[in-house]
Amino acid sequence: MISTKIPINGVLYHVRITGSGPALVLLHGWMGTSRVWDSLANDLANDFQLVIPDMRGYGESDKPYGGYDGLTLTADILGLLDALGVSKAGVIGHDMGAIPALLLAANHPDRCNFLGYIDEPLPGYNLDVFTAFTRENPFPYWWFGFNSQPHLPALMWQGKEAELVDYFVSAMAADPGSISAEARAETVRTLRKPGGLHGSFGWYREALLSGEQIKTATQAKLSVPVLAVNGQYGHPNVGEQMRLISDDVTDHTIPNCGHLVPEEKPKELAEIIRAFVGAKK
């Protein structure tokens, strides 16, 4: 695994690269870093050249307060591909990392072989359904609204990072024990870096704008194949929501899996990706 830093759009990005074959970019989500893909990367390294960044605001990448809307993050990823001399790649995003992955596929199909969209709502289409505090929604995604507030969530998290990471892992994983103590400690370490909390919540501060960007970008349906994946106990019906914007969707629900798919079920996810790419050749 090669680890390097690359300046992109005024942000110094930390990126890890491994494997050989067609390029595949893996974009982590909230509370994650490039490390969430480690087990999957080990499995897929013989099939793909894997490009795995710490997203803006996370891990060892720079952590500015702004620039977390989908189109800015997409520009970051395009800049990363340009810097690495990669003309075209598959792009897979988990959780909030699915937003720039989708916008790259929608706005730059010439740079995208396929889109992987893993366990995330579709902002611009259905986010309001899952964030609504109603009797019909027994488990609303309350953190979208809370995390979007300027400064407040960082104030509430500061000094309690470990306890809150444990809370969200327990809430999101089907088997919380599948997320190791070492993985949790790494998340906590990076959240405690200067700017780490504000960076972490940046996606949420811009979530409504990103939803508008997605709605605009998908007025015409996607022209690249879509792989839609969710855990049995994660975000429901990812394939169904992706069919709103694509006529070429392959969907999978991974049994006994929650929201943290790349860490909970890396072997199963690797098999799904490998089979999907093989079928699309």
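Computed from the coordinates by the stated procedures, all read-outs in this text should not be read as laboratory data. Source: prediction; values computed, not measured. Methodologically, a virtual Cβ is constructed for each residue, glycine included, from the backbone with ideal geometry; neighbour enumeration extends over all protein chains shown.
Dividing the mean sequence gap of close Cα pairs (under 8 Å, 6+ apart) by how many residues the stretch 97-150 holds gives a relative contact order of 21 percent. Exceeding 22 Å between C-alpha atoms, which entries from my cross-link table qualify? They are 63/88; 88/280; 5/265; 5/267. Over 22 Å apart, Cα to Cα: 63/88; 5/265; 5/267. Can you find, among 131, 219, 61, the residue farthest towards the positive end of the dipole of the stretch 2-280? Put +1 on the C-beta of Lys and Arg, -1 on that of Asp and Glu. Looking along the dipole axis, the top candidate is 61.
Taking every DSSP bridge with both residues inside the stretch 2-280, close to 35 percent are antiparallel. For the chain, complete DSSP H runs whose alpha carbons reach 18 Å or more along their own long axis and whose mean Kyte-Doolittle score is -1.0 or higher are 70-84, 266-280. Every pair of different Cα atoms in the stretch 1-62 enters the Kirkwood calculation, which places the hydrodynamic radius at 11.6 Å. Each Cα pair under 8 Å and six or more residues apart adds its sequence gap; the mean of these over the residue count of the chain is a relative contact order of 21 percent.
Computed extension gain for residue 129 through residue 185, at 0.36 nm per residue and net of the alpha carbon distance, reaches 16.9 nm.
Spread over its residues, the convex hull of the C-alpha atoms of the chain is 117 Å³ per residue. From most to least packed by mean Cβ count within 10 Å, the peptides 40-46, 88-94 give 88-94, 40-46. Here the chain is treated with +1 on each Lys and Arg Cβ and -1 on each Asp and Glu Cβ, and its dipole about the Cα centre works out to around 420 debye.
Length available on full extension from residue 152 to residue 83: 0.36 nm per residue minus the Cα-Cα distance, which gives 21.2 nm.
The stretch between residue 280 and residue 212 holds 21.5 nm of extra length on full extension. This uses 0.36 nm per residue minus the Cα-Cα distance.
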